[in-house]
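Just below is one structure, and these are the notes that go with it.
Where a number appears in this text, it was derived from the coordinates with a stated rule and is not lab data. Everything quoted here is computed from the prediction, not taken from an experiment. Here Cβ is always computed from backbone atoms with ideal geometry, including for glycine, and neighbour counts include all displayed protein chains.
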Amino acid sequence: MNPVQAMLAPNNNLCGWPPIVQSSTQSDELTAQLEIGAELPYFDGHFDGRPVLPGVVQTHWAAQLAQTWCATKSARCELRAVKFYHLVVPGTVLELHLHRSAGNGVPGRETVQFHYRALCSEKHGPAGQAVSQGKLIFHS
């Protein structure tokens with residue numbers, strides 16, 4: 001099993017990651033479905049009475065998965081065009097989609113676009129709504 005398969009395996013028990021219930025990869029695309037349960041530590045104190053998944057956690061998960069998928073050892077990752085459209089609350093099932101492309105002809109650069117969308121939520125919002133998106137640029 002390669003590192004991406006290990007990371008995407010259901011019940012992977014990765015520290016700080018929600019359960020990954022389904023995933024698929026193609027040459028330049030990766031998709032994972034994440035169950036966002038109330039037990040995740042990121043909801044503690046953010047915010048009392050109305051827990052919300054912090055945006056920085058979404059970007060961290062995307063960057064961590066992209067770095068493993070691209071097999072880059074780059075410690076330098078640049079975020080661009082990050083947008084947050086809707087809140088993520090406990091009970092949401094998120095789909096994280098990554099799309100990798102060459103770094104616009106720049107040697108040593110890998111670009112990965114990420115998109116989160118809510119597949120279902122116990123609290124609000126229709127299935128399929130965009131939650132957040134952005135671009136990750138890895139420099140070697």
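Here is how the numbers come out for the structure above:
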quantity: Neighbour-count ranking [beta-carbon atoms within 10 angstrom, fewest first] of C70, C120; calculated: C120, C70
quantity: Low-density loop cleavage sites - GluC sites (Glu not before Pro) in segment 14-78, where at most 14 other Cβ are within 10 Å (DSSP); calculated: E39
quantity: Net lengthening on full extension, E29/F47 (0.36 nm per residue, minus Cα-Cα); calculated: 3.1 nm
quantity: Contour minus Cα-Cα distance for V21 and K73 (0.36 nm per residue); calculated: 16.0 nm
